[in-house]
1. Considering only residues that are loosely packed, with under 10 Cβ neighbours inside 10 Å, part of a loop (DSSP other than H, G, I, E, B) and over 39 Å from the mean Cα position of the chain (by Cα), which ones fall in the stretch 26-68?
2. Can you run down the residue pairs with Cβ atoms below 6 Å, 6 or more apart or on separate chains, where the first is in the stretch 3-22 and in the same structural domain as Trp37 (by TED's automatic domain parsing) and surrounded by 16 or more Cβ atoms within 10 Å (Cβ to Cβ) and the partner is assigned to a helix (DSSP H, G or I) and aromatic (Phe, Trp, Tyr)?
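The values are calculated or read from the model by the stated rules, or taken from the named source; none is laboratory data. Fair warning: this is a prediction, and the values are worked out from it, not measured in the lab. Reconstructed Cβ throughout: ideal geometry from the backbone, glycine too, with neighbour counts over all protein chains shown.
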Amino acid sequence: MNEEHEIEMRLWNYIDGNVGAEEKIQIEELLSRDLKWKQIYAQLQELHQMVKDDLEVEEPSMRFAKDVMDEISKIKIARATKSYINREIITAIAAFFIILIGALLIYSFEQINWGVQSNNAASFDLRKFDISKYLSQPVLNIFWMSNVVLALILLDRYLSRKGKHQEHTHS
């Protein structure tokens, strides 16, 4: 089987014209005196002719490029992210955090002892203001960090809208 495979490979190279002059002479000598080589060569030559006759390369039509571009133009492009983000949900989340911050500010102002008179212009009793009994430190850190992130997102949206508005007015 290995010998037959080697014969086929050498004959394919011979048929395709990928052999040197010396090897071409050797293969022609083997074809003239060896029956096995002649049989394999006849089979391969027949197969080569069938492939050559049956496989004609078709040229694309003159409108091929236009047809391809027409098909591409029919494909829907994905919507921009802004169109499927629900602005009402973002507004509700922002409102929640704004109300929460407002409530914390109101609570802290209620804890201030406004009646105490001292030499300091802004004097209040910080010992009464103990939020740690309601919220732990990690919870407060997460709360403030999320507020900072949301504020940055809102600022980014505001600035991007402002930039788009200026872009439309200049064009």
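1. Within the stretch 26-68, Leu55, Glu56 meet the criteria.
2. So the pair list comes out as Leu11/Tyr41.
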